């Protein structure tokens, strides 16, 4: 019995038919995209988290809050791009 991907499990929960089978090339591309976007998110965190800590240490709480909002927005944007690119791969585009 093969382990199902999160995508396949989500499709089952939604009551949709079985997810299309992915080729080895598609699976490799999806893994590459995961690695790429994990690195991009880590880079954003490495850039902003020290600035958030410094702002808090200087008791600039409004600045820290703005930086936290920026961090969350950037992460959301990157995750959205990742999912859009993964969907293109799944559809064979």
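What follows draws every value from the coordinates through simple rules; no lab data is involved. Here the structure is a predicted model, which means the values were calculated and not measured. All Cβ positions, glycine included, derive from the backbone under ideal geometry; neighbour counts span all protein chains shown.
Tell me the Rg and the Dmax, in Å, that the Cα atoms of region 22-90 produce.
Looking at region 22-90, its Cα Rg and Dmax stand at 15.9, 53 Å.
If I take R0 = 35 Å and measure r between the Cβ atoms of residue 57 and residue 87 in this structure, what FRET efficiency does the formula 1/(1 + (r/R0)^6) give, to the nearest 0.05?
According to the calculation, E is roughly 0.25.
Can you compute the modelled spin-label distance between residue 49 and residue 69, with each label point 7 Å from Cα toward Cβ, in nm?
2.3 nm
How far is helix 61-90 tilted, in degrees, relative to the longest principal axis of the Cα atoms in the chain, given as a value from 0 to 90 rounded to the nearest 10?
Helix 61-90 and the main axis of the chain meet at about 10 degrees.
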